[in-house]
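Down below is the structure, laid out as structure tokens.
The values are calculated or read from the model by the stated rules, or taken from the named source; none is laboratory data. Model, not experiment: these values are computed from the prediction. Neighbour counts run over all protein chains shown; Cβ positions are idealised from the backbone, glycine included.
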Amino acid sequence: MFGKNLFDEVTSKISETIANSPAKDVEKNVKAMLGSAFSRMDLVTREEFDIQQQVLIKTRTKL
């Protein structure tokens, strides 16, 4: 019983520390930077790529 309470307390303290640490801000900033960089690139989803690939295959067979 004592071990479980101690474990729960330590876990909650660690979670609280991580939530209040600068690491959370760094993670948020990196995600924002990557999102911004990806939005500036002319990227397509895998689904869009596969569709265009099928269209090109059909076009080649017709030619």
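Some points to look at:
For (1) hydroxyl-bearing (Ser, Thr, Tyr); (2) assigned to a helix (DSSP H, G or I), each residue gets a yes or a no:
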site: SER12; (1), (2): yes, yes
site: ILE18; (1), (2): no, yes
site: ASP25; (1), (2): no, yes
site: LYS28; (1), (2): no, yes
site: MET33; (1), (2): no, yes
site: VAL44; (1), (2): no, no
site: VAL55; (1), (2): no, yes
site: THR59; (1), (2): yes, yes
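- Yes/no for PHE49 being of a type in the set (A, V, I, L, M, F, W, C) and either surrounded by fewer than 10 Cβ atoms within 10 Å (Cβ to Cβ) or modelled with pLDDT of 85 or more (or both): yes
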